[in-house]
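Throughout, read-outs are computed from the coordinates displayed, never taken from laboratory work. This one's a predicted model, so the numbers in the text were calculated from it and none came from an experiment. In this analysis, Cβ positions are derived from the backbone assuming ideal geometry, glycine residues included, and neighbour counts consider all displayed protein chains.
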Ligand code: MLC
Ligand code: AMP
């Protein structure tokens, strides 16, 4: 039986009339394109049949680094449908990063943009990948050409709830990225909980403006709409003015805080323009209370903030309506991430792993059907991140107040979240430290009005050397994804250290925190 195949569950929620519009691709330079539910079903069948025809071993990974498009979404759904494992890759990743992911995941199939075929296929074939297809955001490339020869009918593969559906790479505090393994059951259970908790209903229309290579855009947004049979207004790239223009035709919007900050800069964002909307959701990074308040004032809507991560999908959410589990509280409280979602068990513990008193700060641990199956081929790392009683260590630091609201106050992991993307200082420091004339470096996150937080690189020169900060940033750009590049670099005489000799990043953050203050 195929009842645990995530695609089957989504397909079962399509509206009865499959000839209505499921996706309207708007914006950009191209024409507006409309895709019906039938298009979605048939195109994913054709792609799933193509994948099935390749005679791949069970559990094969399909690694995908392509620009956002409806066809890229179809490829994701087709991979689920065919029972293979989808591996999305940020389009910003450069060759060294892609080489690592492909080498580590050993995908059977790689799909890349036609423009990158030369270098990506070389990496893939060297790593033993048998098939490399191309797809761009204007429906060109070998993937669609090949899929066109396949049947529009396809029976979803039989899957168990614990079978792998997706691997999402998350960077590590030390060492290389880890592939978080999510099962059909992990993702589906979370989608069902969110459908109920956020009150999805008939008539909802989602504006989809996030990238689809991370949890927020790929799971929370897409599954939210599909599992409710709701159409999406689809933007391949976020454009604040375009989103504001679409508000009267939509009911739900999801964004990282930077998207809200940019929309607030649009004069067209008014109470009238947002009157048709039912729900604005924010997550992936802390939403500043100023943004929360400004949004309320401008639009009359209270943003609902939620919290999650790649390893767990969504964990907590402010209430959409009265939450009976919490005395019927319905307030969306700015600065908090709300209550643990139904089915999620969350505790805050001290350094000994003991629960702290209500309101005290500690490490956040979680358990639930949404929590992942472990890191790809890293059993020791997986074991380290789980407690003996099966809780996953999020690396986030927070508290739960007497009313049950969770607040994230910081992170124990050395992580910068910039515009909703995670940046690990250790990775950037490693690349800078290899450069000529550099003795050592420290990368810290400081406040930024647009991205929330950005990296600053502080570099110690080798004796007699004078490395050029601008050249350091230029070299970094050739090696790392653009969102990881620090927004400022300075050569400094020394780095503050504690008695153990460890660099005191908190002091550096304080010293540089005013750099981008408005
Ligand atoms: C782009 N740049 C960034 C950046 N995005 N720098 C830091 N942080 C970012 N997030 C770089 C660009 O390459 C460019 O550099 C310069 O900054 C200005 O770019 P821009 O034109 O302003 O950026 P834009 O293309 O408009 O992208 C900004 C953005 C995008 C906010 C739309 O970053 C975005 O879509 N963020 C969403 C990320 C997301 O979906 N996260 C969810 C993760 S899931 P240069 O040098 O080229 O000028 C997760 C779990 C959960 O966290 O809970 O949801
Ligand atoms: P990722 O590894 O990309 O999935 O990022 C997950 C991390 O993003 C979490 O561990 C948190 O640190 C952070 N995060 C997600 N949502 C929120 C939020 N609403 N507020 C603060 N931090 C968040």
In Å and whole numbers, how far do the C-alpha atoms of the chain stretch along each principal axis, longest first?
-> 67, 58, 52
Beta bridge orientation in the stretch 415-512: antiparallel %, DSSP, nearest 5 = 80
Cα-based convex hull volume of the stretch 339-411 per residue, rounded to whole Å³ = 91
Residue order, fewest to most beta carbons within 10 Å, for 178, 502, 484 = 502, 178, 484
222 nm mean residue ellipticity, helices alone, for the chain (DSSP H n ≥ 4; -39,500 (n - 2.57); rounded to 500) = -8000 deg cm²/dmol
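Within a 10 angstrom radius of the beta carbon, how do 305, 311, 106 rank from fewest other beta carbons to most?
Ordered by Cβ neighbours within 10 Å, fewest first: 106, 305, 311.
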Which whole-number value in Å³ per residue fits the convex hull of the alpha carbons of the stretch 6-237?
-> 123
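Restricting to the stretch 339-411, compute how many DSSP beta bridges are antiparallel as a %, nearest 5.
100
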Ranked list, fewest to most other Cβ atoms within 10 Å of each Cβ, for 304, 51 = 304, 51
Principal axis box of the stretch 415-512, alpha-carbon based, largest edge first, Å = 38, 33, 19
What is the log10 of I(q)/I(0) for the stretch 187-249, computed with the Debye formula using one identical point scatterer on each Cα and no solvent, at q = 0.29 Å⁻¹?
-> -1.26
